[in-house]
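See below for the structure under consideration.
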Amino acid sequence: MGFGQNLQGRISHEALIKVQDTEIKILENIKRCIALRVESDRQYATALSKMVTQANKVDCSEFSDTLRFIKVWENMVVETECLTSNIRDNADTLATRTLETMTSVINEKKNMKRFYLDERNRLETEFNKLQADVQKLKIEYSKTVERLKAEKAKYQDLQSKGKGGSKLEDAKTKCNRTAIRLHRLHNDYVLALQDVVEHQKSYLENTLPSFLEYQQAAQELLVLQSKFVLEEYHKLTNFSTSDYQRKFDKIGSDIDSIVPETEYTSSFIGKYKSEPIQSNIFEFDERLIDSFSVSLQPGVLEVDDVTIEPLQQRKTQLSNQMNECQKSLEIKTTRHKSLSVELNRLETSLAVGKTAEVVAEFAEKKKEFIILEKEMAETESNLQKLQCIFETISKPLDELGDSNPPPVSNLLENGDLDTSSTLSTSSQSKKKTFLNYFRKQSDAQAYSLDNNIDSSKKKLKQLDSYEQHELNAETSSNGSTSLPVSPSKFPENATGLLSLENLPARLQDDECFHGVLPREEVQRLLVNNGDYLIRESKNKKTNEVQHVLSVFWEGHKHFIIQGTEGAWRFEGQAFRTISELIRYQHSIGTPVTTKSQAILRNPIKREAWELVNDDIQLEMKIGNGNFGEVYKGIFRGDHVVAVKTCKDTLSEDQRKKFLQEGRILKQYDHPNIVEFIGIAASRQPVMIVMEFVSGGALLTFLRKQGKSQSINKKQLIKMCVDAACGMAYLESKGCIHRDLAARNCLVGDQNIVKISDFGMSREEGEYHVSQGMKQIPIKWTAPEALNFGIYTTLCDIWSYSILMWEIFSFGVTPYTGSTNAQAREKIEEGYRMPAPAGTPDEVYEIMKRCWEYEPDKRPHFQEIYSTLSAIWKKY
Ligand code: ADP
Ligand code: MG
């Protein structure tokens, strides 16, 4: 079944032309599609390499040998990197070899179609000519026959009339001539007929079929070549080749090799093993009572008429607490049992097949389960602790039975606590401290007695005033108000944190007080159940300052601390200071409110960068900031600093934005980046404290220098080098500055340039501005950021180049004479600023490269830094 026998007719001919036209169109389209595929694979590879860059930002090396999960991730990144370069290489091959083959296939196909048309035309013309020749001969033949017939008739007529002579002779000659012509024509016709018959025979039997067969073979050959192109395309875009498969299988088996149960036991523990923490020894310090002979005995509870009632109260309280613990333990045990059953069921389902839903459900239940186990262990040990204390109290009370306890007043009257005893002043003071601490069972009368003994000792002051408050509470409420807890209820712990002695006089000196830190920041600090801190906020309606306890307990919870100065409380007793209230709440280990169930366990202290406003004195205004003014100031009495303030009229949201700058700056440490000292948020106004850079803003500096002409070209290049060095550092940290300009750089000693004003900075590889863009420094901003809101470090490169231009023009405003809109339009049309007078050519070359419209064509900061440093050295 070939073209030769089957495609001779007109319909086939037309079909052959049409199919070739269509094939050409399709091949051309395939070529376009392959080009698009190349583009998309290259973009994919670029996106993947961004992922790899992101992955490499966190160094895994320290733990990758000990922790399987980290190793597996490291391998996954390597495989992804490998995959990325495979995709990129394949796209390159597609773009070159495959597309070139495709172009030649298309050209051949077009030539072939042209040849087919020409050849078929030629054959047809040839055959038509022969046919026409035969036809012509036939007509001539017929005319000659007619003529001969007429001439013959004329001759016979003359002969029959008996005419002779020349007329007859003429007629005869004519007849003979025509007869000769006819005979010759006859042969011509016969031969022409044979010619056409033979030609047709050979055309139909040989020429046309063999031409059509050639055509078929040629078309097939091109199909073969096209198939090769498709095969190559398939190979180069196939993600299921054995090579990829191997990579993915390796990743899969790597992931399978993570065994959560042995993750830390296999080598981590071995490598980082440490001795268990030794418990502190808490012993009754016998020196406290060795110098007087009261009935008090070291470590033994004192039961007398002043202590019996508090002891009984404490016993009841303990018994209630134990009941609560018991109840909570029962609830937890029941839940524990039902969770075990559910987990077993889920484990069975997981063994059969993993689905995202089952895995999620399993993880959720398992999390609840392990939290529950932890809480049960905690509740059990709490219960044991309560039981121990309960027994310690119960024993002497039971022994006393119904008999009256010995009166304490008698002992005092006997002079056992006489101030004229032989104790030294310091041991006296110690004794009193001790007495105050251990007056667990004391009453108002005993307090006043102690006060009488020595009320002037400074060390006791805090407790004294505390007692005063207790007394007041008692007297003013006729006993109906619940008494504040006695100081003895603050247990000491290993850190000594709960000791009353450590309590600060001012809330702002409390280590857990974080001032007006925004909620978002607070949430970042509180991560585990029981983490807590104190902060200040403003009541949105009344604008009044309120104190808030923020706790993490199954989520972030915020409690407004109720009360006024001197009487702060949650649901229970009131305290003189917020610090006392919080320490007490921590020490008793019961929920802050019944509804929340939140328990305080771990106070989150202020970090070193969280400064106290009182440590900063503002001296002189040096600039106007976006959110408030900028001052020169003194920090802790001797450091000169720059302070950015945030107007206290701004909303929480704006304050958050203001603090964003500090939060970003906090992480950097580089000679060409303004140094961060801290954030003061203990009260309004919130301030960001930085090193004071003596030369002020670079823009002002340049303009001054421009007038005095006291700076040379080499120094200008050095300024560009400094800025590039700072920016290269920021780039390496994944920070986009977004507002790089001479006005936002500072000049320090020896004209060192420092990057400053991180108010618009973001720590992202690519930052998209979705909402309307406000306050954009148009003349400094790259076109892709203006047009699409896409910011990358390559936008900073654009701005950096404007900064270079500002440096070399001594602070001229860029695109002088053009409005922002005009400058923007000019840039879109391809205009770029000429070099300021005196700019070295090499420097202007860099500027122009930084102003490439396509971000990817711009150089990176590291490269700029190296090139400029080399230029600078040469100068
Ligand atoms: P804004 O975010 O409002 O633009 P900037 O950080 O740019 O604020 O600071 C405004 C001005 O304050 C600067 O141009 C400069 O004159 C001065 N300034 C800011 N920080 C410092 C500093 N650390 N040392 C000296 N001057 C500073
Ligand atoms: Mg600024």
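All other residues whose Cβ lies under 14 angstrom from that of Ser381 are scored, Lys and Arg at +1 and Asp and Glu at -1, for a net of 0. Estimated at 0.36 nm per residue, the fully extended path between Glu126 and Lys848 surpasses their Cα-Cα distance by 253.2 nm. Using a 1.4 Å probe over the heavy atoms of the protein chains, calculate the carbon and sulfur portion of the accessible area of the chain as a whole percent. Here carbon and sulfur together make up 53 percent of the probe-accessible area.
Here the range 764-875 is treated with +1 on each Lys and Arg Cβ and -1 on each Asp and Glu Cβ, and its dipole about the Cα centre works out to around 320 debye. Entry note, the chain: relative contact order of 6 percent, from Cα contacts under 8 Å with a spacing of 6+ residues. Each principal axis of the Cα atoms in the range 761-875 has its own extent, and those three values, largest first, are 47, 34, 22 angstrom.
The mean of 1/r over all distinct Cα pairs in the range 170-232, once inverted, gives the Kirkwood hydrodynamic radius of 16.1 Å. Mean residue ellipticity at 222 nm, helices only, the chain: -19000 deg cm²/dmol; runs of at least 4 DSSP H residues each add -39,500 (n - 2.57), and the sum is divided by the number of residues. Put a plus charge on the Cβ of each Lys and Arg, a minus charge on the Cβ of each Asp and Glu, and nothing anywhere else: the dipole of the chain about its Cα centre is then about 6440 debye.
One quarter of the convex hull surface built on the alpha carbon atoms of the range 606-725 amounts to 8.7 nm², the projected area averaged over directions.
Please compute the Kirkwood hydrodynamic radius of the range 176-284 from all pairs of different C-alpha atoms, in Å with one decimal.
Taking every pair of different Cα atoms in the range 176-284, averaging 1/r and inverting gives 24.4 Å.
Ellipsoid fit via the Cα gyration tensor, the range 22-62: semi-axes of 40, 6, 4 Å, each the root of five times an eigenvalue, largest first. A simple charge model with +1 on the Cβ of Lys and Arg, -1 on the Cβ of Asp and Glu and nothing else charged puts the dipole of the range 176-222 at about 540 debye relative to its Cα centre. Given q = 0.15, 0.20, 0.30 Å⁻¹, what are the Debye log10 I(q)/I(0) values for the range 286-348, with equal point scatterers placed on the Cα positions and solvent ignored? For the requested q values the scattering log ratios are -0.69, -0.87, -1.12. Under 20 Å from a point 7 Å along the Cα-to-Cβ line of Thr22: which residues of the range 188-221 have their amide N that close? Once the point is set 7 Å along Cα→Cβ of Thr22, 215-221 turn out to lie under 20 Å by backbone N, inside the range 188-221. Note that the chain shows a convex hull volume over its alpha carbon atoms of 341 Å³ per residue.
In terms of overall dimensions, the range 52-166 has a Cα radius of gyration and Dmax of 45.1, 141 angstrom. Legend: calculated FRET efficiency, Glu357 to Glu554, from the Cβ-Cβ distance at R0 = 25 Å, rounded to 0.05, equals 0.60. The alpha carbons of the range 1-80 stretch over 79, 26, 11 Å along the principal axes, in descending order. Expressed as a whole number of Å, what is the distance separating the alpha-carbon centroids of the range 46-71 and the range 690-753? Here the two parts' Cα centres lie 35 Å apart. Checking the a/c ratio against 1.5 first, then a/b against b/c, what shape does the Cα gyration tensor give for the range 674-754? Because a/c hits 1.5 or more and a/b fails to exceed b/c, the range 674-754 counts as oblate. Placing unit charges on the Cβ atoms of the charged side chains and taking the dipole of the chain about its Cα centre, the candidate lying farthest along the positive direction among Val72, Ser761, Pro591 is Ser761. A crude spin-label estimate for the pair Asp856 and Gln135, with each label 7 Å from Cα along the Cβ direction, gives 6.5 nm.
Summing +1 for each Lys or Arg and -1 for each Asp or Glu among the other residues whose beta-carbon sits under 13 angstrom from that of Lys172 gives +2. With the charge dipole of the chain set up from +1 on Lys and Arg Cβ and -1 on Asp and Glu Cβ about the Cα centre, the Cα lying farthest toward the positive end among the listed residues Pro834, Ser104, Asn626 is that of Ser104. Computed over the Cα atoms of the range 226-328, the ratio of the radius of gyration to the Kirkwood radius (Rg/Rh) comes to 1.57. For the range 551-659, a Kirkwood radius taken over Cα pairs fed into Stokes-Einstein (4 °C, viscosity 1.567 mPa s) yields D = 75 µm²/s. Ranking Val52, Thr307, Asn206 by Cα position along the charge dipole of the chain, where only Lys, Arg, Asp and Glu carry charges on their C-beta atoms, puts Asn206 farthest toward the positive end. Convex hull of alpha carbon positions in the range 525-576: directionally averaged projected area 4.3 nm². Using the Stokes-Einstein relation with a Kirkwood hydrodynamic radius computed over Cα pairs, the translational diffusion coefficient of the range 103-219 at 37 °C and a viscosity of 0.692 mPa s comes to 180 µm²/s.
The values are calculated or read from the model by the stated rules, or taken from the named source; none is laboratory data. Model, not experiment: these values are computed from the prediction. When we count neighbours, we look across all protein chains shown, and the Cβ atoms used for this are built from the backbone with ideal geometry, even at glycine. Please note that ligands, DNA and RNA were not included when accessible areas were found on the heavy atoms of the full protein model with its side chains. Shrake-Rupley method; radii C 1.70, N 1.55, O 1.52, S 1.80 Å.
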